[in-house]
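What follows is a set of notes on a single structure, which appears directly below.
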Amino acid sequence: MARIGFIGLGNMGLPMAQNLLKAGHAVQGFDVSTAQSDKLVGPGGTAPGSVKATAAGVDVVITMLPAGQHVRDVYMGADGVLAVAAPGTLLIDSSTIDVESARAVANAAQGRGLAMLDAPVSGGVGGAKSGTLTFMVGGAEEAFERARPILEHMGKTIVHAGGPGNGQAAKICNNMILGVSMIAVSEAFVLAEKLGLDPQKLFDISSKSSGQCWSMTTYCPVPGPVPTSPANRDYQAGFTAAMMLKDLKLAQDAAASAGAKAPLGADAAKIYAQYVESGEAGRDFSGIIRFVRGG
Ligand code: NAD
């Protein structure tokens, strides 16, 4: 059993922390929203009320925060994790953030003699609840091996992607595929509607043909074919359009700085930006089909 400090108890962080509790770890959690922190309190779970108190006296600190600036603040701010973590504490950031921030925080941690991993996830809120997330991990091999048994309580696939920041590199590449493929699947279903083809028939055919992909078979953007997809509950998130836009922008920034061409990723970022600006930032990203359909 490990003592774990978990910071950021939102859509993803809370079920991840709850899975650590179920596995028998002692988890203390903190979120700026007290209502979220309170949901962790119960058998084995406590909510000490600050980053400082949550990161002190534990074996492992895990963070699950919205974006790079939050991660920099929580780790590098006054009374942040790096200032209070005891020697030997393992630090794991599972937020999706820019590679540069991930490497800056890992560097600062190393400067204090603390091992840090970037370990973003794929699998959504469903994967967080069922403990079946994929973790893509950047950082030293030894730290990865220490983290693995902890991550296995929250995920099914745990991959070491290389040195610091490489977990984030894998994540933004993956999500660029996801953003582009969700728009492609949405365009195909809207075209099918206009051609008089039943969406269920398109699903039955394409899910077994060369158009098959996760955006279709797990997260189908039309109601019916995949009962668990957000399309069946008015596109309630899930993974919000704003989060998808964030990841597509991260991919574009990374492509620009690495000199890689990603024109479809650029188009996907523009389309999601328009969708978000239409007032749908908090809607699930698969709701993009409504935008593609034109309302
Ligand atoms: P969320 O907004 O639901 O949760 C983030 C939480 O962090 C919020 O509860 C917020 O109050 C808290 N927070 C913000 N600043 C804080 C601070 N300084 N100290 C403590 N808590 C703070 O977001 P989420 O959907 O849980 O996503 C978290 C991260 O995981 C993001 O980086 C996202 O891109 C990534 N992610 C999300 C999904 C998904 O399906 N939702 C999937 C994969 C990855």
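The values are calculated or read from the model by the stated rules, or taken from the named source; none is laboratory data. Everything numeric in this text was worked out from a predicted model, so none of it was measured. FYI the Cβ positions are ideal-geometry reconstructions off the backbone, even for glycines, and counts take in every protein chain you see. Surface accessibility is based on the protein's heavy atoms, side chains included, excluding ligands, DNA and RNA. Shrake-Rupley method; radii C 1.70, N 1.55, O 1.52, S 1.80 Å.
Roughly how big is the chain's charge dipole about its Cα centre, with Cβ charges of +1 (Lys, Arg) and -1 (Asp, Glu), in debye to the nearest 20?
Approximately 280 debye in magnitude.
Probe 1.4 Å, all protein chains in place: accessible area of R233 in Å², nearest 10?
100 Å²
So between A260 and Q212, what do we pick up on full extension, going 0.36 nm a residue minus the alpha carbon distance?
The A260-Q212 span can extend by a further 14.6 nm.
Show me, for segment 6-11, the HN-Hα J-couplings you get by feeding each phi into the Karplus relation (A = 6.51, B = -1.76, C = 1.60, θ = phi - 60°), rounded to Hz, glycine and proline as x.
10, 10, x, 10, x, 3
What are the equivalent ellipsoid semi-axes of the chain, built from the alpha-carbon gyration tensor (square roots of five times its eigenvalues), in whole angstrom, biggest first?
35, 20, 17
Which number gives the lysine pairs in segment 3-162 that have C-alpha atoms under 24 Å apart and are eight or more places apart or on different chains?
6
Using a 1.4 angstrom probe on the protein heavy atoms only, could you order Y275, Y219 from most to least accessible area?
I get Y219, Y275, largest accessible area first.
Under 16 Å between C-alpha atoms is the cut-off here; go through segment 169-293 and count lysine pairs that meet it, provided they're at least eight residues apart or on different chains.
6
As a check on your grasp of the helix formula, calculate [θ] at 222 nm for the chain: sum -39500 (n - 2.57) over DSSP H runs of n ≥ 4, divide by the residue count, round to the nearest 500.
-14000 deg cm²/dmol
Could you check what % of the DSSP bridge pairs in the chain are antiparallel, to the nearest 5?
Rounded to the nearest five, the antiparallel share is 20 percent.
Kyte-Doolittle cut-off -0.5, length cut-off 20 Å along the helix's own axis using Cα: show which whole DSSP H helices in the chain pass.
Span-like helices here: 166-194, 241-258.
Could you give me the percent of Cα pairs per 10 Å distance bin for segment 3-162, shortest bin first, beginning at zero and ending with the bin that holds the maximum distance?
Using 10 Å bins, I get a P(r) of 12, 46, 37, 4 for segment 3-162.
What do you get when you divide the Cα radius of gyration of segment 169-293 by 2.2 N^0.38 Å, with N the number of residues?
Relative to the 2.2 N^0.38 Å estimate, segment 169-293 comes out at 1.04.
Net charge within 13 Å of F144 by Cβ-Cβ distance, Lys/Arg positive one each and Asp/Glu negative one each, not counting F144 itself?
So the environment of F144 carries a net charge of -3.
May I ask for the percentage of alpha-carbon pairs in segment 213-274 that lie more than 18 Å from each other?
48 percent
Which ³J(HN,Hα) values, rounded to whole Hz and listed in residue order, are derived for segment 118-129 from phi using the Karplus coefficients 6.51, -1.76 and 1.60 in 6.51 cos²θ - 1.76 cosθ + 1.60 with θ = phi - 60°, glycine and proline given as x?
With coefficients 6.51, -1.76 and 1.60, one gets 8, 9, x, 10, 10, x, x, 5, x, x, 5, 5 Hz.
For the chain, modelled as a Gaussian network with Cα springs under 10 Å, which listed residue fluctuates most, I97, I62, I177?
Looking only at I97, I62, I177, the biggest GNM fluctuation is shown by I177.
Give me the net charge of G45's neighbourhood, meaning all other residues with Cβ under 13 Å from the Cβ of G45; Lys, Arg count +1, Asp, Glu -1.
Here the charged neighbours net out to +1.
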